[in-house]
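Read the figures in this text as sums done on the coordinates, not as results from a lab. Computed from a predicted structure; not experimentally measured. Backbone-built Cβ (ideal geometry, glycine too); neighbour counts: all protein chains shown.
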Amino acid sequence: MFIPPPPPPTLCQDVTESVIEAPRSTRAVTASGFSNQVITGAELAATGERSLPRALERVSGLFVQETNLGGGAPILRGLIGNQILIVVDGVRLNDATTRGGPNQSLNSIDPATVERIEVIRGPTSVLYGSDALGGTILIWTKNRAAGMRNPGGVPQAALAGELFGQYSSMVDGSSEGLGLSFGDDHHGLLGIASFHDWGDLRSAHGTVDNTGYDGLGWFGSWEHAYDSRRYFRLTASGTRDFDVPRTDRMNVGFGQVVPSDAENFFTLQDRKRYVLSYTDEVPSLADKMQWRLSLREYDERRQIRKTGSTTRALEEDRTRTLGVGADWRKALGGSQLFTWGFDVDLDDIESSKDNLNTGTGVITPSTGNFAPDSKYLGAGLFVQDEILAFDAFDLTAGARYSYFWFSFDDFTTLDRVEQDFSALTGSLQISRNLAPGVRLSGTLAQAFRAPNLSEVARNATFAGGTELANPDLDPEESLYQEVALDVVHSATNVSFGVYHNDIRDVVGRRLILDPTPGVPGDETYLRDNTGNLEYFGAELRVKQRLGDSQAPFFASAYFEYTRGAQDDDISGRDPASRVPPPHGSVSIGYEPSGERRGLSFAALSLVWAAGQSRLSPGDLGDPRIDPAGTDGWTRLDIDLAGPLGTRLTGTSWNVGLHNILDAAYRVHGSGFDAPGLNAVVGLRVLF
């Protein structure tokens, strides 16, 4: 696992503290380092990785599955896709169209705009609602704060800028961008523009066809402060990726003679977000409160033609989400911290499809994947109480009530379909100091995932066949337990824990029609609550300074073990799908304290994963997964970073050689072989 250098200054940090955090996102006193991991944007940038999912994997140790270069789905506590929640600046990224399994949600966030990420392993449904079964990824974007929020800081009436770029040899491509900011006492302005162009990936076996794509990103932030403790912030951001190939569908997979599709592209992935927030830290009803209004838009266009077919499907789904939410946080004396709030989101989906005959050029309109006039409402009320009054123990308890409603016109009859359901969830966490620097914590938490429109109002292809929507699905519900131990001393940081997660009424697929048994491609499946999932596992993170707390040399290690099983009425009890094999890393490095010229960081890392032969029935038929199991692998990386000279204040560089031995391997569940020997170079110049 890559352990990055101390964060170099950015155009934001060089002016003032930039993070604006929602009250509910303040870390609870009982939170364990086993489950909560904070990563800065500078640490992500120093990896030299081309995408946010890959950078997050390198820094955090998370297992990340990639179906194509334009994706990258993190796996938390064995779960993936819409069972993981992503939140950006306090607002959900997940919407009613977020697919199960691997998706491109995290890759739609431009790494250049990220100030900090907090990875929360384990359920967080009390604070954040649906989808947080396996965990939550909180992303906070960059900001230039107004001057009066930084009394005595850098003079505000000044323009600051940043040029940045990186090159990756494995895709013979690069990303580059420009950031500018300006501020005075009452205002802070920041703008970032970036571009990326990635060629086809080179693995140890050679070039992988149908992997490259290009795109761009833009971001703006405006802060207006009334005084040092009351301020508005408006952010606007967007990413656009073009012609992203679905690699696993266009290349021959396991068990295939020809690829599934002759064409399968996301011709456009266009995501826009607008968030207006007001933060007030003047004590009154609460010590801190924040209101958020948001508008999110996602336009996804696809071009699909099956192998041997003359019909090219041109599909488009457009999602618009309006949201409002608010959090409050109040300390009662020195013994209690109350956090409470609400959130409401309304999704409106338009879906269209045209079939083009490539021989005649005739276009025939067809029914879109989502049912006409699809709408989805999610709302919730939550409260959390941190109690510090018990002798030797700290306690955090929370509860949430959630309500969901959806409606759409039936695909065939156009009759209006409406359904609603609700959920009540709770959580309890207790911790105790066993000795100075030694803390034990335990967690018992409920979580849920409400079926979304991808399941109740979307007909689509699956494994070459047809997948039908089902509006009568029940929510997925889980009960999670965790025990963790943290040891923090001057030169030592250790987090270890074990967990168990039991998930009921899991939404899966039920085969209802198979005209030609044994011949794939003509099956019809129905979305249904097919059974239960059970996961248990253990994780260990260690970082040790080789000497006292100021020693420049360190050693670190990461280990994760996950075991999952599914129990349903279709095939009985089997291994769960896409469960990561045991994996981890060992690193030794150099990281001196204080300012250094030339070299400020160096690390040599051994990253590994064991083989995975425990496959679900679905894994056995997935062309991304070898039915004989995925082989284990080992990769060796070296990373270097530092400031550039003495005259270019704040300018930094990073260089990395990844997979130095050019090992040939595939990450379990991914749609293509892993990169071979890869050289990365990054440069960041402040002005």
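Annotations for the structure displayed:
- Among the chymotrypsin sites (Phe, Trp or Tyr not before Pro) in the range 254-356, those placed in a DSSP loop whose Cβ has at most 16 other Cβ atoms within 10 Å are F254.
- Straight-line reach from K288: taking Cα to Cα under 14 Å and skipping same-chain neighbours fewer than 8 places apart, the aspartates and glutamates in range are E21, D280, D327.
- Contact order, relative form, for the range 456-590: 21 percent (alpha carbon pairs under 8 Å, 6 or more residues apart, mean separation divided by residue count).
- Take the chain and mark each of the trypsin sites (Lys or Arg not before Pro) that is in a DSSP loop with at most 14 other Cβ atoms within 10 Å; the longest unmarked stretch, sites excluded, is 230-596.
- Taking label positions 7 Å along the Cα-Cβ direction at both L332 and V685, the computed distance is 5.7 nm, reported to one decimal.
- Extension gain for V586 to N355 (0.36 nm times residue separation, less C-alpha to C-alpha distance): 78.0 nm.
- Take the Cα of S613, go 7 Å toward its beta carbon, and the backbone nitrogen atoms of the range 648-679 under 17 Å from that spot belong to 668.
- Net charge of the neighbourhood of T364, taken over other residues with C-beta under 10 Å away and scored Lys/Arg +1, Asp/Glu -1, is 0.
- Placing unit charges on each Cβ (+1 for Lys and Arg, -1 for Asp and Glu) gives the chain a dipole about its Cα centre, and among L201, S181, P552 the Cα reaching farthest toward its positive end belongs to P552.
- Summary of the geometry: the range 656-678 and the range 418-439, compared by the centres of their Cα atoms, lie 38 Å apart.
- Residue-span extension gain [A663 to A236] - 0.36 nm each, minus C-alpha spacing: 149.6 nm
- Karplus (6.51, -1.76, 1.60) ³J(HN,Hα), θ = phi - 60°, over the range 340-351, in Hz, Gly and Pro reported as x: 8, x, 8, 8, 9, 9, 10, 9, 10, 10, 10, 9
- Mean separation of Cα contacts under 8 Å (6+ apart) over length of the chain, as relative contact order %: 12 percent
- Partners for K306 among lysines (Cα-Cα distance below 17 Å; same-chain residues under 8 apart left out): K353
- Interchain or long-range residues, amide H under 5 Å from T141's placed H: D89, E115
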